[in-house]
C-alpha cells in the first residue's frame, strides 16, 4: 500500500517538476527581448513602456488568471506605487532608484494586504464594486491632497537619482529600458516560481472550485490574501518604474481607463500562462500606436469594440492564437 | 436639515430608478451588466434632443425617454446579450465594459463632450417653503414619480401573474423552465423594462446628476453599490439601499464637503464587513 502510494507520489512530483521546466519557446522569447535591446535602439522609450505595462498585466494575471479574482481597479496599486516612488524621490527619502522601487512595492503590498480582506467577501459583483471603489477612493485622495501629490497638475519636480549611483536616466531611454527589462525578468522568474509551486497549484484549485479546494484542506482565504498582496506589490513596482523612467506622475495612473485597458491587454494575450500579459501589452501598444495614427480621438471607442469582439468571438480562440508561446492552452475563466 | 433629507430622498429615488433594472437582471440571469448606465444615458440624451432641439414639452418627452432605451434594450438583448448569458462573469464584465466605452465615445462624437441640461418647464423651477423646509419643485416631482413607479413595480412583482413568473425565474430558473415558464421571454421583457426605467431615470436625473458622455462610468460605482448592498431578490432591497446611499451622499457632501466623496465608500466598506452578502438580501448571492 505504502509502496503504491510512494510510486504515485513520485510520478506526480515528476510530472509537476517537468511542467515547471523552461521550454524552448520561453527561452526564445527572452532572447528576443534581449535582442530588441540591440536591434531597436531608436524605440527604447516605447519598449520601456511596454515592459512596464507587461509587468502590470503580469500582476493582474496572478490574481485573475490563477486565482480567478476579477478586478476593476487594479490601477489602485499601480498608481499607489507610482506616487510612492515619485514622493520618495522628490523629498529625497530614498534616492537610490532600485531601493525606492522595492520600498514602493512594499507599500503597495501593504495596501493590497489591507484591501484583500474586503475583496475576499461576497460574490464577483461585490469584488467588482470593492476593487473599483478602492481605486476611486485613491484617485479622489490623490486629487484632494494636492499639497502632497500636486492634485490634477500631477506630481512635479521629481528628480530621479542615477541607477546604482552610476547610470543616469537619459532622454533616449536606453538606461530606462535595460532597467525595466531587468526588473521585469527578475519579477517574472519569481512569479514563475510562485505559480509552479504547490502554492500556485492551490490557487488554480481555488479558481476551479472553491468548495472542493476547501474540502482538500486548502486555506482558501489565506491563499487569496497572499496572492492579492503579491499582485499588489507587482503592480506597485510597475507603477514605480513608470514614475522613475518618466520622472513624472499624474492622476492618470489611477484612472479607471487604466484598469480597463489592463484587462484588455491581458485578455488579448490570454490569461493563466504568465506570458499573456507581456504579449498583450506589446500588442495593445502596437494597436494603440497604429490607431492613434488614423483617428487620434475616440480611442475609447476602439478599446470598447475590441473588448466586445473578443468576448463574442471567444477568448479561448484569441488565447490560443496569442498563446502559441505557452505550450499549454488552457480554457480561461 | 430636513431640506437635506428631502434632497437626499430625491437623489436616492433617482438612483433606485436607475439601478433597479440592473438588480433584476443580475438576479434573473446572473448577468453582470456594467453597461446599464449606458441605457440611462440614452434616455437622458433622448430627452435633451426632444426638448431642447425639437421643442417638445418636457412631460411629453418622458415617455420617449422610457420607450427608446427600452426598445434599444430589447434589441441588444436579442442580438448581443443573449450570447453572453451563459458565459463567465469575466466575459460579461469585459463585454459590458466594451459597450460602455463604445457608448461613451459614440455619444461624445454625436453630442459633444460638454455637460447638457434638459430645459425644464417654468412650473418646475424654484422652490417653496413648508414649515421652514425648502422644497424644490423639481425634486418633489422626482420623488412623486419615482415613488409611484416603485409602488407600481412592487405591485407588478408581488400581485400579478407576470410578477410571480419573474420571481419564480429568479429563485430557480431551471425549475421555472420545467414548469413551463418561458424564462427567455420573461427575461427579455424585464431587460427592456429595466433599460427603459434607467432611461427614464437618466432623463429625470439630467438636471440633478448632470448629463455628459462620461455618465455611465461616473455612476457605475453607485449602481454596483446599490445592487451589492440591496441584494437582488426583491425590489425593496435596492430601494432601501438607494435611499440610504442618496441620503448619505447628499448629507456627506453638505456637512463635510472636503470628505464628501468618501462618505459612501466608508458606508460601503462598513456594510461589507458587517453583512458581506448585502444588507437586505434573503439568500446568499450567487
Quiz prompt | Residues that are facing chain B (nearest Cβ under 8 Å), free of Cβ contacts under 8 Å to residues at least 24 places away in the same chain and surrounded by fewer than 22 Cβ atoms within 10 Å (Cβ to Cβ), drawn from the range A:113-136 | solution = A:118, A:121, A:122, A:123
Practice problem: Determine whether residue A:223 is in contact (Cβ under 8 Å) with a residue 24 or more places away in the chain, surrounded by fewer than 18 Cβ atoms within 10 Å (Cβ to Cβ) and part of a helix (DSSP H, G or I). | Solution: no
Exercise. Scan the range B:77-86 for residues that are buried (at least 17 other Cβ atoms within 10 Å of the Cβ) and either modelled with pLDDT of 90 or more or facing another protein chain (nearest Cβ under 7 Å) (or both) and report the count.
Key: 1
Self-check item: Residue ranges of helices (runs of 4 or more DSSP H) in the range B:180-262 with at least 2 members more than 13 Å from the chain's Cα centre (by Cα) and over 25 Å from residue B:28 (Cβ atoms)
Solution: B:183-209, B:236-255
Exercise. Among the residues of the range A:51-91, count how many are part of a helix (DSSP H, G or I) and within 14 Å of the chain's Cα centre (by Cα).
Key: 24
Quiz item: Has the range B:90-104 got any residue that is at pLDDT below 90, in contact with a helix residue (DSSP H, G or I) (Cβ under 6 Å, 6 or more places away or on another chain), within 14 Å of chain A (Cβ to nearest Cβ) and farther than 23 Å from residue B:42 by Cα?
Solution: yes
Practice problem: Quick one: in the range B:105-126, of everything that is surrounded by 13 or more Cβ atoms within 10 Å (Cβ to Cβ) and modelled with pLDDT of 85 or more, which residue is nearest to the other protein chains (Cβ to nearest Cβ)? | Solution: B:105
Self-check item: Residues of the range B:99-135 satisfying the condition of being in a helix (DSSP H, G or I) and in contact (Cβ under 8 Å) with a residue 12 or more places away in the chain
Solution: B:99, B:100, B:103, B:104, B:105, B:107, B:108, B:111, B:123, B:124
Quiz item: Which is modelled with pLDDT under 85, more than 14 Å from every other protein chain (Cβ to nearest Cβ), out of contact with any strand residue (DSSP E or B) (no Cβ under 9 Å at 6 or more places or on another chain) and under 19 Å from residue B:87 (Cα atoms), of A:320, A:327?
Solution: A:320
Practice problem: Would you check which residues across the range A:143-157 are assigned to a helix (DSSP H, G or I) and touching a strand residue (DSSP E or B) at 6+ places or on another chain (Cβ under 9 Å) and list them? | Solution: A:148, A:149
Quiz item: Within the range A:285-315, restricting attention to residues that are within 15 Å of residue B:95 (Cβ to Cβ) and modelled with pLDDT under 85, which residue is nearest to the other protein chains (Cβ to nearest Cβ)?
Solution: A:315
Practice problem: Please verify whether the range B:47-62 includes one or more residues that are in contact with a helix residue (DSSP H, G or I) (Cβ under 8 Å, 6 or more places away or on another chain), at pLDDT below 90, within 13 Å of chain A (Cβ to nearest Cβ) and not in a helix (DSSP H, G or I). | Solution: no
Quiz item: Right, residue B:130: under 15 Å from residue B:200 (Cα atoms) and either more than 19 Å from the chain's Cα centre (by Cα) or modelled with pLDDT of 80 or more (or both) or not?
Solution: no
Quiz item: Under the condition of being surrounded by 12 or more Cβ atoms within 10 Å (Cβ to Cβ) and more than 15 Å from residue A:91 (Cα to Cα), which residue from the range A:155-167 is nearest to the chain's Cα centre (by Cα)?
Solution: A:163
Practice problem: State whether one or more residues within the range B:127-149 are within 14 Å of chain A (Cβ to nearest Cβ) and either under 25 Å from residue B:224 (Cα atoms) or surrounded by 15 or more Cβ atoms within 10 Å (Cβ to Cβ) (or both). | Solution: no
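The values are calculated or read from the model by the stated rules, or taken from the named source; none is laboratory data. Worth saying up front: this structure is predicted, and the values here are computed from it rather than measured. Cβ atoms come from the backbone with ideal geometry, glycine included; neighbour counts cover every protein chain shown.
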